Structure formats: C-alpha cells, structure tokens
Amino acid sequence: TDAHLKAIEDARVLNAFVLETPDQARAMARDADARIARGEGGPLAGIPLGIKDLFATKDVRTTACSKILGNFVPPYESTVTSQLWRDGAVMLGKLNNDEFAMGSSNETSCFGAVVNPWRRDGSDKQLVPGGSSGGSASAVAALLCMGATATDTGGSIRQPAAFTATVGIKPTYGRCSRWGIVAFASSLDQAGPIARSTRDAAILMRSMAGHDPKDTTSVNREVPDYEAAIGKSVKGMKIGIPKEYRLDGMPGEIEKLWSDGANWLKAAGAELVEVSLPHTKYALPAYYIVAPAEASSNLARYDGVRYGLRVPGRSIGEMYENTRARGFGAEVRRRVMIGTYVLSAGYYDAYYLRAQKVRTLIKKDFEDCFAKGVHAILTPATPSAAFGIGEKGADPVEMYLNDIFTVTVNMAGLPGIAVPAGKDAQGLPLGLQLIGRPFDEETLFSLGEVIE
Ligand code: GLN
C-alpha cells in the first residue's frame, strides 16, 4: 500500500486519481494485516485498489466527475465496493472518469483529461486512455494500483483496457449489483474490473459479482470461482468471427490483430467459424438513442435540491436552470437534450420505440449465433489505438464511432472481455474482444488468457 501511494504521488501528471485517500488506505492495510495474522485474510487481503468515482464510497467524496455533485459525500457504500472491502481489499482513492461516464476519452471529466501512460514511439504527445473508465485504465497500466473498479454502459471498461494494454471485463447484465453506482443508463450499466492480467480480473470479479436484494436487476445465481477458468483447455470450443464487424476501411493492423487472435485460439485447439450478426450496423445509432433517453431520466434527480451544487435563482424553476447550466458539462447537456427529445410525445414512437425494437433484433442475432453451438465471438475491441488528447473533441459523432465494436454487447446484456493482443505500427497497444453467452464469463477468462 505504501509503495502504491508513493507511485500515485509520483504520477500525478496522469491525473488518474481525483481523490487520494492515504490515511484510509493505511488503516485498511493495517486491518488487512491483522486479519491475515488471525487467519481471516480473505481473497483480496491487503490488495490496493483504485475506485472509479462513479461508485458511492461511504464518507468519501463521490462526484461522478461532475460539478453538479459538488462535494457530495455519500452516507452509504456501493454493494460492489463493500464486497471488495469484505474480502480484504484496500482503497487507495477515487479514479477519474468521463462526467457521469459519458464519453470515450475521459475528456469530459470536470477534473480534466486523464493521460495515458503509453506514448507513440518517438513522440511526446499525450494520448487519451479511453473512457469513460480512463482513470481506472491509466492507473492500472501505470502500476498505481493492482486493479480498479470500472463501469461499462457502451464500452467504458473494454475500450480503455484496449487503449492501455490492460484487461477489462464487462460482466453479463445482472451479474454485479448496480446499487450505489451513479446511474447513467440503467438497462445497460454494469460494473466490472480493470486489471493487469486476465487472472487478476478473474480474482477481482469473483468479489465484485453476486446477488443483491437492493438491486432488483441483479441475478440470484451462484458466483463461480472465475480464477479456476484460467488455464482451462479451450480445445473444441467454437469461436464465431462475425463478418459484419469487418468494416470498410478498417486499418490493416486491426485486421491483422484480429486474424492473429483467431490463429492463437486455433493453435490452442479452438474451432473458428464465420458467423453473421446482421443488425450490427444499427447498434450504434440505437445505442445513442436508448442511452441518452435513460440518462435524461436518471439525471432528472440533479435539481439543486437533493445533492451537491445549488445555484440560486429568483424562482425554483430558475434555480433548477441555473444549477443545471452551471453543474452539467457540454456532453451531459447534449445527452439530456437528445434523451428528452426522443422520449417526447411526438417522437417517442419514431425514435425511442424503434431503437428498442432494434435492440431486440440485436439480442436475437446473438441468440441465433449461440444456438448454433458457438461458445464465444471474437472481434477487435476498438477501431483504432489510443488517440491524442484534444484530437477528437470537435465532432461528437466521431467520438461515438469509437464504440462501434462494444455497444452491441451492452444492448444484448452479454459479457465481453478486452485483452491486450498486440501493438500498432507506432507501438501503441491494441486489444481484442471476446463476447460470451449470458453468465458464461468463465469461457471468456479461459479464452482471454490464451490471447493475452
Ligand atoms: N462511450 C460510450 C458513451 O459515451 C460508452 C460510455 C460508457 O460505457 N459508460 O455513452
């Protein structure tokens, strides 16, 4: 814990942590030592972790990296983090993220951009770590913590993992409790770990997962020993390669990475089959209707009355307006406006309802594929390697295109893992994604470890 606290101090230029909690960390570490001495250490005894600032931490400031939450200090702990502490983990501090987890570059945070510890060969240019869990990915990649919590609504665990050569898994919807996690789009949000290796991710996930009566969408199923899946044979497994993910103009190095990954799995005894997910091309536009719709509803609670920031006005209406104008950043305001629009009486059928129908078709594509005996699907994690800070700020749609390979998984509620698989011509990490059957994270860990 001391070594990690020192590393965090020395790496403040990365802006990965928005709050360091050294006193608490040392107290938790001492407590872990005492538990170990009593033979009650727990599976994560003394393991220092970073916590994405979307997770409510009791008596520790939680902001979702939005000004509107101000200095909000929750009087409760999220279920996922409380399970980590139950198992002996140590909290080093709170990690930066895109405001309310809306973004793909960690540039929308009210605390400013996070820096990726990776650089292009021979260049000093600062790159984004991806988003929204950019602080988590950057901190794990720079060895500031042994693992981190993260959340994924459309790719926010897997894309930053791919940009930083770390491992990130978005579990099946319902596998982890969402209780005490700041909500973005409730039907898509899931918590998961970002870690240094597939094995570490498996260990962390076992502690994070599990049924929680406080979240009615969390599923009452036993949590398997995910670590046991590491090193398990993948012989005879059928791996689908979806032809619709082969995009026009896809960079050659992404194509190559993808076929390398397929070859490694084949060498390990898996069977590769071409599959079709015909509604893939509608996933991104449908996601950018469903996610903002749910966000606009979830964010209605930030009205200047219940949490954090309040900017006064002459009437209550003006107070709402002033608070929201000052408290929400540009991307969040854009989402609230899109969401309110697609849910409004005249447009609901044309946009929101239609997007929900598309979502059902996307889910069915995967079901059909798995019904043919496919165990998992292999795709690139991102369409490119990490890009420069400020490079994609101007056009929101260009930013949204980053999520092209990841959003389908959230729309279908499936588990997806991103594992480091190679580098581009400039030495930047690239990741591959494996998509699994519902609640079959174990297969993803087994396959992920073969690629890693
Ligand atoms: N980049 C996507 C978005 O901005 C996904 C973010 C996330 O998964 N939280 O909505």
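Along the chain, the exposed loop sites are trypsin sites (Lys or Arg not before Pro) outside DSSP states H, G, I, E and B with at most 15 other Cβ atoms within 10 Å, and the longest stretch free of them is 126-213.
Net charge in the neighbourhood of residue 446 (other residues with Cβ under 12 Å of its Cβ; Lys, Arg +1, Asp, Glu -1) is -3.
For the residue pairs 52/125; 214/363; 256/423, the C-alpha atoms sit more than 21 angstrom apart in 52/125; 214/363. The stretch 356-392 and the stretch 394-452 have Cα centres separated by 8 Å.
Here residue 6 is the anchor, and the lysines within straight C-alpha reach of less than 18 Å, apart from those fewer than 8 places off in the same chain, are 94. Out of every Cα-Cα pair that the chain contains, those further apart than 38 angstrom amount to 17 percent. Note down the Stokes-Einstein diffusion coefficient of the stretch 263-308 in µm²/s, whole number, using a Kirkwood radius over alpha carbon pairs, 10 °C, and 1.306 mPa s. Approximately 107 µm²/s, per Stokes-Einstein. The order of 133, 344, 78, going from fewest to most other C-beta atoms within 10 Å of their C-beta, is 344, 78, 133.
Ordered by the number of other Cβ atoms lying within 10 Å of each residue's own Cβ, fewest first, 305, 336 fall into the sequence 305, 336. The chymotrypsin sites (Phe, Trp or Tyr not before Pro) of the stretch 1-80 meeting both criteria, a DSSP state outside H, G, I, E and B (loop) and at most 14 other C-beta atoms within 10 angstrom of the site's C-beta, are 76. The distance separating the Cα centre of the stretch 115-174 from that of the stretch 1-49 comes to 20 Å.
A helix-only calculation puts the chain at -10500 deg cm²/dmol for mean residue ellipticity at 222 nm, using -39500 (n - 2.57) for each DSSP H run of at least four residues, averaged over all residues. Is the C-alpha gyration tensor of the stretch 245-388 telling us rounded, prolate or oblate? Criteria: a/c under 1.5 is rounded; beyond that, a/b larger than b/c is prolate, otherwise oblate. Note, shape of the stretch 245-388 comes out prolate. Residues 347, 287, 320, arranged from fewest to most other Cβ atoms within 10 angstrom of their Cβ, appear as 347, 320, 287. For the stretch 2-229, what does the alpha-carbon gyration tensor say about shape, rounded, prolate or oblate, given a ≥ b ≥ c as the root eigenvalues, a/c under 1.5 as rounded, and a/b over b/c as prolate? It comes out rounded by the Cα gyration axes.
Coordinate-derived values only; no laboratory data. These figures come from a predicted structure and were not determined experimentally. Counting neighbours? That spans all protein chains shown, and the Cβs are built from the backbone with ideal geometry, glycine included.
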